[in-house]
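**Q** The structure's right below; bear with me while I get my questions together.
Derivation of every value follows stated rules applied to the coordinates shown; laboratory data play no part. Just so we're clear, the structure is a prediction, and the values are computed from it rather than from any experiment. No Cβ is skipped: glycine too gets one built from the backbone with ideal geometry, and neighbour counts run over all protein chains shown.
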Amino acid sequence: MVSLERASVPEGKGAESSPPKRVAKAKGSRLWWRVHQWVGLKLSILLGFVFLTGTIAVFSHEIDWLLRPALRVDPATVQGPLAWSAAARNVAALRPEAKILLLDAPVDRGFAMIATLQTPDGRRGFVYLHPSTGAVRGEGSWVGAQRVLRNMHRHLNLPTAVGVPIVSALSVLLLISLATSFVVYKKWWRGFLRPVRWRDARTAMGDLHRLAGVWSLWFVALIGATGLWYLAESTVAKAPPAPRAKVAAVKLDARGVATRLEGNLVAAQAAYPGLRIQRIVFPSGKVGAFQFQGQHRALLVRERANVAWTDPATGKVVLTTDGRDLSAHQRISEMADPLHFGTFGGVWTKLIWFVFGLALTSLSVSGVAVYALRLSREGGAWAAWTRAWRGMGLWRWPALAGIGIALALLPTLLRAAGGD
């Protein structure tokens, strides 16, 4: 059949039309390759930094658990419901001059409850409490591994209005790199089981880069999409505010508020029986209500999507919100964080996100290595890396500046919390 079709085409015409098509296709592939190379090279330093800090941030709570003995609890001693009220009373007795802002349930087995306080001079800190008894186990600075990694990854320690758009704009580069990879890597679907050729450094690095890339396609798409959503939210597409209860501000000290927590907790649990409370927001400033936040039936939402609001003065529930009632815009907003960091399935999903986060970081590094090794035939390896550095052009300076600013502002972050 094919031979007959070829015979029907005049020899001269076919000979004239085929080469231009091949040339055009080759030029198109070359263009996409240059775009892929440009995106992966110019800001690779900053991309690698953001990828790495985000990867480590997946287990930031566990890092704090290792660094802070007071955060550790023997799981065998944890029984029954969480001692919310006892914890609040003990915190108020320990720090009567401070304001209790939050009470958080343990992140996982072996973790303590965490109370977030604010002192009269505006500084914040933590008190760690036993989940079953509410007994105080110790105190800690507000700035730990979780805070440092979050701030560096999310906004480079800059003000969020500036830093979040800068970091999230990198998602555009990530998505362009993803799209061009399908053109650059011919028949990419065959690469999942393709062995690495170790005959030389250039070949091995290229094969490793492609192997990590094909296995990480889903992850790159997910991180790129959620990053693009963060960019939209921080600029032109802020999510509509969730419903809020209008409760007058209360004039009570820490002990007074802690004393009223028990009655409000009982009322919230009675009005919202399916709510698995994971955070209690205490009355603060103009928001005079208790907020009992947690998980209910909505999938992949933050705790703040499901809330029972109570009036501290009367102990009555004044509003309940359900994550299933959110608008499409709000629902996507609430889903972004669990999907971006993989926290929705506990330690197992966090482990998966950590592994693929390392793969994503390695793609940023190996991409530059592939570029450098391609030049190694002319002038040696040192000359190749020099050319790779120069290949980044002027873009290398804002990339280095972003990392430098993130590190330089760490002392400011520590001073804001009092340091430790």
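**Q** Find the centroid of the Cα atoms in the stretch 231-297 and in the stretch 135-214, then give the distance between the two in whole Å.
**A** 35
**Q** Using only Cα atoms, find the angle between the long axis of helix 84-94 and the longest principal axis of the chain, and express it within 0 to 90 degrees, rounded to the nearest 10.
**A** The two axes meet at around 70 degrees.
**Q** Right, next: Please label the shape of the stretch 187-275 as rounded, prolate or oblate, based on the square roots a ≥ b ≥ c of the eigenvalues of the alpha-carbon gyration tensor (a/c under 1.5 means rounded; beyond that, a/b larger than b/c means prolate, else oblate).
**A** Verdict is prolate for the stretch 187-275.
**Q** Is the shape of the stretch 141-299 rounded, prolate or oblate, going by the alpha carbon gyration tensor and its root eigenvalues a ≥ b ≥ c, with a/c under 1.5 for rounded and a/b larger than b/c for prolate?
**A** Prolate, since a/c reaches 1.5 and a/b exceeds b/c.
**Q** Taking the Cβ of each residue in GLU139, GLU334 as the centre, tally the other Cβ atoms inside 10 Å and list the residues starting with the fewest. Could the numbers behind the result be given before it?
**A** Details: GLU139 17, GLU334 21.
Final ranking by Cβ density, sparse to dense: GLU139, GLU334.
**Q** How far is helix 254-271 tilted off the main Cα axis of the chain, in degrees rounded to 10, range 0 to 90?
**A** Here the helix axis deviates by roughly 70 degrees.
**Q** At q = 0.20, 0.21, 0.28 Å⁻¹, what base-10 log of I(q)/I(0) does the Debye formula yield for the stretch 50-97 when every alpha carbon is treated as an equal point scatterer in vacuo?
**A** One equal scatterer on each Cα of the stretch 50-97 leads to -0.89, -0.91, -1.01.
**Q** Next question, about the same structure. Taking Cα pairs under 8 Å and at least six residues apart, what relative contact order does the chain come out at, in percent? Walk me through the numbers before you get to the answer.
**A** Working: 657 pairs, mean separation 86.7, N = 420.
Relative CO of the chain lands at 21 percent.
**Q** Per q in 0.11, 0.13 Å⁻¹, report the Debye log10 I(q)/I(0) for the chain, using one uniform scatterer on each alpha carbon and no solvent.
**A** Log10 of I(q)/I(0), two decimals: -0.93, -1.19.
**Q** Helix-only mean residue ellipticity at 222 nm, the chain, DSSP H runs n ≥ 4 weighted -39,500 (n - 2.57), per residue, nearest 500. What is it?
**A** -18500 deg cm²/dmol
**Q** Using Cα pairs under 8 angstrom and six or more residues apart, how large is the relative contact order of the stretch 162-313, in percent? Each step should come with its number before you reach the end.
**A** Working: 167 pairs, mean separation 29.3, N = 152.
Once divided by the residue count of the stretch 162-313, the mean separation gives 19 percent.
**Q** Say each of ARG324 and LEU358 gets a label point 7 Å from the Cα, pointing the same way as Cα to Cβ; how far apart are those two points in nm?
**A** It works out to 4.0 nm between the two label points.
**Q** Still on this model: How high is the relative contact order of the stretch 261-420? Use alpha-carbon pairs under 8 Å, at least six apart in sequence, and give a whole percent.
**A** About 12 percent, as a whole number.
**Q** Compute the whole-percent fraction of alpha carbon pairs in the stretch 260-400 spaced more than 27 Å apart.
**A** Distances greater than 27 Å cover 51 percent of the Cα pairs.
**Q** Angle, helix 396-408 long axis vs. longest principal axis of the chain, Cα atoms, 0 to 90°, nearest 10?
**A** Rounded to the nearest ten degrees, it is 20.
**Q** Using R₀ = 45 Å, calculate the FRET efficiency as 1/(1 + (r/R₀)^6) where r is the Cβ-Cβ separation of TRP218 and ALA249; round to 0.05.
**A** Efficiency for this residue pair is about 0.45.
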